[in-house]
Amino acid sequence: MLRLHDTATGSLAEMSAKNGPFRLYVCGPTVYGPPHIGHGRFTLVYDVIRRYLESGGTTVRHVSNVTDIDDKIIERANSERRPWKEVAEENEALWWSAMDRMGVAKPHVVPHATDYVEEMVALVSELVARGIAYDSEDGVYLSVAHVPGYGLLAQQSLESLRAGARVEPTGVKRSPVDFALWKKAKPGEPSWPSPYGPGRPGWHTECVVMSLALLGEGFELHGGGADLKFPHHENERAQAVALGRRFADHWAHNGLVEVGGAKMARSVGNVTSLEGLAEAHDPRAYRLLVLQAHYRAPMEVREAHLEAASQALERLDSLARRIEESSGDGPQGTLPASRLPERFKERMDDDLDTPRAMALVFEAIRSANASLASGDRPAGLSEGRAALSCAAAVGLLPTAVSVVAKEALHLAEKRDQARSARDWAAADALRQQLVQLGYRVEDTPAGTRLYR
RNA sequence: GGCGGCGUGGCCGAGUGGUUUAGGCAAGGGCCUGCAAAGCCCUCUACCCCAGUUCGAUUCUGGGCGCCGCCUCCA
């Protein structure tokens, strides 16, 4: 049973579904620009959680939103002199292509803010009717003082939050900590009708409405980046609490990607594009890097780290080739049981201790190689297959065996002939040719092995 | 100012009151190999500073220094 650190309580909580699927809501991107590697990290983290739960037999219902209307999108559209919708659609397309490339499973449902405006208006109206929200000059605000337990996720009292507020009260807000549920449209801005005049929903409102609409009350886990803890998640929760609705049971927050010690964020302007990373490296290298850090710890992503991870991945892939090669003539009957799956699970279940879990996988890889090298095939195959299946559970499936062109196979055959004739010069020339065709060449007992 | 967190070997990055090592990458040596690749074996080595608790602390407590996140949009 997976247990994760729950931000709301500060302790480990069991991630068990109640009587249906495990319901997971993850705050997605605002699509005003291309995704960066910080986005890559959080999607990978929740992808790993999802895959791991699924690999253990749990059915997961994964919902993650796309914020397709907000100030930044409008700004971008204005500066580029084109429709805001076009900006949103274009960047959303970039998002999914990057996700696909990273091997991140698409959420089961991807709600868009603009599809839920009516529901959001209804929620705002209800909060106003209850006297918890108030209409103001430029929008409708939630009066945080009326929400019991505000500050749960921030781990701060309302008083200290108020004292620490860095934004001066504008006069339209009764308290600096109050937040906008509805933003009234300025001339020329996109808008939807509401009893408070045309406008658009506040960011915090969309996630409450969509998560409750699609997952229902008391869904199991709500996740996002550590920077969303406060105020975004706090404010989502505040609205649900104010309405007397049960919200997420548990909260998870992943650590941020940092650059030279500062978090990576579009607002900071130090982003590296995710697409670029996926082009320059096997996307699994980044996944491995993410797995080698604890999900709650901040992490630095540098070129050298990605290269190290790529090297490590080579060990996994070369084992996969070795296993595949010997699967045909493998020993019949039962193989000795590997202890890896059990130990791996132990580490994963303990707050997703992927660094330790991956260490176990790499230990198993070494042990499998050692067994195979020493001729103990049953032990090698058993440990090796266990390692591959653990890797697969977190999305690190070895790359599919590459298709080798006929021409290359022919060259390899010729090379084998040259080698058995001990014509080393010819053999080396043929290897050179194969390398130039883009293949890696390895000699094995079964002859020349090619892969990309 | 408030709240939360961090400081580990050449690099990344776990973990632990002591006895046997995280793991990956890099480096050096060896084995294997026609050469190479892959693989295996071995080696290197750490716990920010100070004080305290303890038979014993990198691990606990207190203080200090340094760094980061949140309190504003942000994954």
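The values are calculated or read from the model by the stated rules, or taken from the named source; none is laboratory data. Keep in mind that this is a model prediction, so the values were computed, not measured. Neighbour counts are summed over all protein chains in view; Cβ atoms, including those assigned to glycine, are modelled from backbone coordinates with ideal geometry. Keep in mind that these areas ignore ligands, DNA and RNA; they rest on the heavy atoms of the full protein, side chains included. Shrake-Rupley method; radii C 1.70, N 1.55, O 1.52, S 1.80 Å.
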* To do: Any chance you could count how many residues in region A:350-359 are open to solvent by less than 20 Å² (accessible area, probe 1.4 Å) and in a helix (DSSP H, G or I)?
  => 3
* Sole exception among (1) near RNA strand B (Cβ under 9 Å from one of its atoms); (2) within 19 Å of the chain's Cα centre (by Cα) for A:Asp6, by number -> (1)
* Asked: Of the residues that make up region A:9-22, is at least one of a type in the set (Ser, Thr, Tyr) and over 26 Å from A:Asp349 (Cβ atoms)?
  -> no
* May I ask you to verify whether A:Leu274 is closer than 18 Å to A:Gly223 by Cα and open to solvent by less than 10 Å² (accessible area, probe 1.4 Å)? => no
* Give A:Glu300, A:Glu342 a once-over and let me know the one that is loosely packed, with under 15 Cβ neighbours inside 10 Å, near RNA strand B (Cβ under 9 Å from one of its atoms) and more than 30 Å from A:Arg449 (Cβ to Cβ). => A:Glu300
* To do: Looking at (1) over 20 Å from A:Asp282 (Cβ atoms); (2) open to solvent by less than 30 Å² (accessible area, probe 1.4 Å); (3) modelled with pLDDT of 90 or more, find the lone condition where A:Ile365 falls short.
  => (1)
* Matching residues in region A:400-449 - criterion: being among the aliphatic types (A, V, I, L, M), within 40 Å of the chain's Cα centre (by Cα), within 11 Å of RNA strand B (Cβ to nearest atom) and crowded, with 16+ Cβ neighbours inside 10 Å -> A:Leu434, A:Val441
* Structure fact -> Exactly one of A:Arg422, A:Arg431 is farther than 20 Å from A:Glu324 by Cα and without any contact (Cβ under 8 Å) to a residue 12 or more places away in the chain, and that one is A:Arg422
* Using the structure shown, decide if A:Ala368 is of a type outside the set (Asp, Glu), within 8 Å of RNA strand B (Cβ to nearest atom) and more than 39 Å from the chain's Cα centre (by Cα). => no
* For region A:378-399, indicate whether the set of residues that are farther than 21 Å from A:Ile49 by Cβ, open to solvent by 70 Å² or more (accessible area, probe 1.4 Å), more than 12 Å from RNA strand B (Cβ to nearest atom) and at pLDDT below 90 is non-empty. => yes
* Asked: Does region A:55-77 contain at least one residue that is open to solvent by 30 Å² or more (accessible area, probe 1.4 Å), at pLDDT 95 or above and among the acidic types (Asp, Glu)?
  -> no
* Asked: Of all residues in region A:272-295 being more than 8 Å from RNA strand B (Cβ to nearest atom) and in a loop (DSSP other than H, G, I, E, B), which is modelled with the highest pLDDT?
  -> A:Tyr295
* **Any chance A:Gly151 is under 33 Å from the mean Cα position of the chain (by Cα), at pLDDT 85 or above and under 26 Å from A:Phe247 (Cβ atoms)** => yes
* Please state which of the following conditions A:Gly375 fails to meet, knowing it meets all the rest: (1) assigned to a loop (DSSP other than H, G, I, E, B); (2) within 12 Å of RNA strand B (Cβ to nearest atom); (3) not assigned by TED's automatic domain parsing to the domain that holds A:Glu324. => (3)
* **Selected residue (only one of A:Leu152, A:Leu181 is touching a residue at least 12 places away in the same chain (Cβ under 8 Å) and assigned to a loop (DSSP other than H, G, I, E, B))** => A:Leu152
